[in-house]
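No value in this document is a laboratory result; all are computed from the given coordinates. Here the structure is a predicted model, which is why all the values come from computation and not from measurement. So basically every Cβ, Gly included, is an ideal-geometry build from the backbone, and we count neighbours across all protein chains shown.
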Amino acid sequence: MCFTSNRKKGNKVTESAWEEPSDLIIEQIEIGPMQNFTYLIGCRSTREVAIVDPAWDIDGVMQHINEKGYKLTAALATHYHPDHVGGSFSGHTVEGIDRLLEVNPVKLYTHKLEAEGMKKVTQISDSDMVKVESGDRLTLGNVEIEFLHTPGHTPGSQCFRVKNTLISGDTLFINGCGRVDLPGSNSDDMYHSMCKLCSLPDDTLLLPGHNYGHVPNATMGETKKINTHLRINDLETWHSIMGH
């Protein structure tokens, strides 16, 4: 488990256009064998934080939260796949939100279209979730988190916009985008989600769901230069590249 605050040491990107908001807690945590990123976001003044995509090592993350003096008040899910929220797949079981609810009960904020899948994968109940829509907001102290619906990888995939940062889950990576050949995925939806995210300001810091790129994070301006999925102007070209 690797804890980093904002940009990971030793990795550089081509620009330094991102400026860290003074009251924002944002920690990028690489965790698990699939190079997942879990995030802590919150307010420095109140020490309230939310955890994004809790999976793989809940006790380790909670130990870190306690050592930092944070107060965990919410959990956010980008989508329902087990490597992000826990559950079973390919004969393996990943601990996740169910374990978190045992040690630090909080509500899980998930998109309303993801709720049924979330229940099936994690075995949590409706009462454990807050079902959100695009444009809804959650406030932690002086920090406001905006939920952005970005379907494609799954029907209810969502990103989290926090000041000038974007936590993108498996929708957008530094050098690519999430798969669209899985059950519940939709290639056309992913194209429109790419168009939506491409409209964000260039100084937005992109924080993806996996450490798949040559750097763990980058500004949207940097990402637009290197990620061909953000430079496709029509669905016909998109289909020819994606194969769907």
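How many angstrom separate the Cα center of the range 224-244 from the Cα center of the range 102-143?
Spelled out, the Cα-based centre of one part sits 31 Å from the other.
Mind pulling the per residue volume of the convex hull built on the Cα atoms of the chain? Å³ is fine.
Working: hull volume 28.2 nm³, N = 244.
Per-residue hull volume (Cα only) is 115 Å³.
Provide the net charge surrounding Ile29, with neighbours chosen by a C-beta distance below 10 Å and charges set as Lys +1, Arg +1, Asp -1, Glu -1. Let's see the in-between values first.
Numbers: positive: none; negative: Glu27, Glu30, Asp53, Asp57.
Result for the local shell: -4.
If the only charges are +1 at each Lys and Arg Cβ and -1 at each Asp and Glu Cβ, what is the size of the charge dipole of the range 2-242 around the Cα centre, to the nearest 20 debye? Can you show the working numbers first?
Numbers: 22 positive and 32 negative charges, 77 e Å.
The calculated dipole for the range 2-242 is roughly 360 debye.
Count the net charge of all other residues whose Cβ sits under 13 Å from the Cβ of Lys120, scoring Lys and Arg as +1 and Asp and Glu as -1.
Numbers: positive: Lys119; negative: Asp98, Glu114, Glu116, Asp126.
Here the count lands on -3.
Putting +1 on Lys and Arg Cβ atoms and -1 on Asp and Glu Cβ atoms, find which of Asn164, Tyr39, Leu148 reaches farthest to the positive end of the dipole of the range 31-168.
Ranked along the dipole, the leading option is Asn164.
Go through 147-153, 75-81 and give me the packing order, highest mean Cβ count within 10 Å leading.
Working: 147-153: 23.7, 75-81: 27.6.
Put in order of decreasing packing, that is 75-81, 147-153.
Where does the range 129-244 land on Rg/Rh, using Cα atoms and the Kirkwood Rh?
Looking at the range 129-244, the ratio lands at 0.96.
Looking at the chain, what % of its DSSP beta bridges pair antiparallel, to the nearest 5?
On the way: 35 of 50 bridges.
The antiparallel proportion sits near 70 percent.
Just to be sure I understand: with springs between alpha-carbon atoms less than 10 Å apart, which residue in Asn175, Asn142, Asn227 has the highest mean-square fluctuation in the Gaussian network model of the chain?
The residue with the greatest mean-square fluctuation here is Asn142.
What 222 nm value per residue comes from the helices of the chain, counting each DSSP H run with n ≥ 4 as -39,500 (n - 2.57) and dividing by all residues, nearest 500 deg cm²/dmol? Please report the intermediate quantities before stating the final value.
On the way: 7 runs with 57 residues, N = 244.
Estimated from H runs of four or more residues: -6500 deg cm²/dmol.
How many nm is it between the label spots at Leu182 and Gln123, if each spot is 7 Å from the Cα in line with the beta carbon?
For Leu182 paired with Gln123, the spin-label model returns 2.1 nm.
Once you've got the GNM for the chain with C-alpha springs shorter than 10 Å, pick whichever of Gly169, Gly69, Gly91 has the biggest mean-square fluctuation.
Of Gly169, Gly69, Gly91, the most mobile in the Gaussian network model is Gly91.
So if I take the centroid of the Cα atoms in the range 19-73 and the same for the range 164-221, what is the distance between those two points in Å?
20 Å
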